[in-house]
Amino acid sequence: MSSLAFSVGIVNPRKFSTKLPRKKFGSTEASNINFSSQPQQSYWSSSSSAPVLQQNVNPPLLGRRETLGFGFSFCFLDVLLQPEAIAAANAPPCELTVAPSGLAFCDKVVGTGPEAVKGQLIKAHYTGKLENGTVFDSSYNRGMPLSFRIGVGEVIKGWDQGILGGDGVPPMLAGGKRTLKLPPELAYGMRGAGCKGGSCIIPPDSVLLFDVEFIGKV
């Protein structure tokens, strides 16, 4: 079973600022959407299909029994070649714990390294989704984790609390993976994010889901 990667844009958890889009002949290149006082370049991504293996083979005509056996073999091979998909399907559901602040969290992997210290420059991978499951950004797709100072307001409140800990949320340890569910007041609130022409990548008052991997200090 193959999947199609899809992203509607880049909206990372840094504080919000925008630049107007620009167009080039023959293609459209949207400008960066940044959430830091220090501009950080990022680009809109387009959907791309997974590679497809093709064989230029003309097999002889097969009987019914041989055809069924041949098809079953290919289905079995397809399953063997997708261990990650099988592991994801068999993974137990992550039960969220709600903190007094309204932030919900669930540790998928508890790290073994040190916890972050307020003001420390750290790096983390993440995938951000709307509550309906739409992915609006992923550092994995760019192949580069996000670097920022934790606990000093460089990122949205839900990230500072969700990684650093506090108010009933345990701190993440380096190497850990955690799902965060942020209420609007710990995310982008009434303003939303990535808004242009009456349309927003993250609509106002959105509940956001983040899968965060705390890599460690920079």
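Based on this model, can you work out whether Val169 counts as of a type in the set (Val, Ile, Thr) and under 21 Å from Glu95 (Cβ atoms)? Let's see the steps before the verdict.
On the way: of a type in the set (Val, Ile, Thr): yes; under 21 Å from Glu95 (Cβ atoms): yes.
Yes.
Could you check Arg178 against (1) under 19 Å from Phe148 (Cβ atoms); (2) open to solvent by 10 Å² or more (accessible area, probe 1.4 Å); (3) not hydrophobic (A, V, I, L, M, F, W, C) and say which number it fails?
(2)
Please specify each residue of region 196-217 satisfying the condition of being assigned to a strand (DSSP E or B), open to solvent by less than 50 Å² (accessible area, probe 1.4 Å) and either closer than 17 Å to Arg14 by Cα or hydroxyl-bearing (Ser, Thr, Tyr) (or both).
Keep residues of region 196-217 that are assigned to a strand (DSSP E or B), which gives 196, 199-202, 208-217.
With the extra rule that they be open to solvent by less than 50 Å² (accessible area, probe 1.4 Å), the set shrinks to 200-202, 208-214, 216.
Once the filter is applied, which keeps residues that are assigned to a strand (DSSP E or B), open to solvent by less than 50 Å² (accessible area, probe 1.4 Å) and either closer than 17 Å to Arg14 by Cα or hydroxyl-bearing (Ser, Thr, Tyr) (or both), region 196-217 yields Cys200, Ile201, Ile202, Leu208, Leu209, Phe210, Asp211, Val212, Glu213, Phe214.
Could you grab me the full set of residues in region 156-169 that are open to solvent by 20 Å² or more (accessible area, probe 1.4 Å), more than 20 Å from Asp137 (Cα to Cα) and either part of a strand (DSSP E or B) or free of Cβ contacts under 8 Å to residues at least 24 places away in the same chain (or both)?
Gly166, the sole residue that qualifies.
Which one of Gly189, Gly153, Gly119 is open to solvent by less than 60 Å² (accessible area, probe 1.4 Å), free of Cβ contacts under 8 Å to residues at least 24 places away in the same chain and assigned to a loop (DSSP other than H, G, I, E, B)? Steps first, please.
Values: Gly153 fails: free of Cβ contacts under 8 Å to residues at least 24 places away in the same chain; Gly119 fails: free of Cβ contacts under 8 Å to residues at least 24 places away in the same chain.
Just a single option satisfies the conditions, and that option is Gly189.
Based on this model, can you work out whether Arg142 counts as in contact with a strand residue (DSSP E or B) (Cβ under 9 Å, 6 or more places away or on another chain), on the phi < 0 side of the Ramachandran plot and touching a residue at least 12 places away in the same chain (Cβ under 8 Å)?
Against the criterion (in contact with a strand residue (DSSP E or B) (Cβ under 9 Å, 6 or more places away or on another chain), on the phi < 0 side of the Ramachandran plot and touching a residue at least 12 places away in the same chain (Cβ under 8 Å)), Arg142 does not qualify.
The values are calculated or read from the model by the stated rules, or taken from the named source; none is laboratory data. No experiment lies behind these values; they were computed from the predicted model shown. FYI the Cβ positions are ideal-geometry reconstructions off the backbone, even for glycines, and counts take in every protein chain you see. Surface accessibility is based on the protein's heavy atoms, side chains included, excluding ligands, DNA and RNA. Shrake-Rupley method; radii C 1.70, N 1.55, O 1.52, S 1.80 Å.
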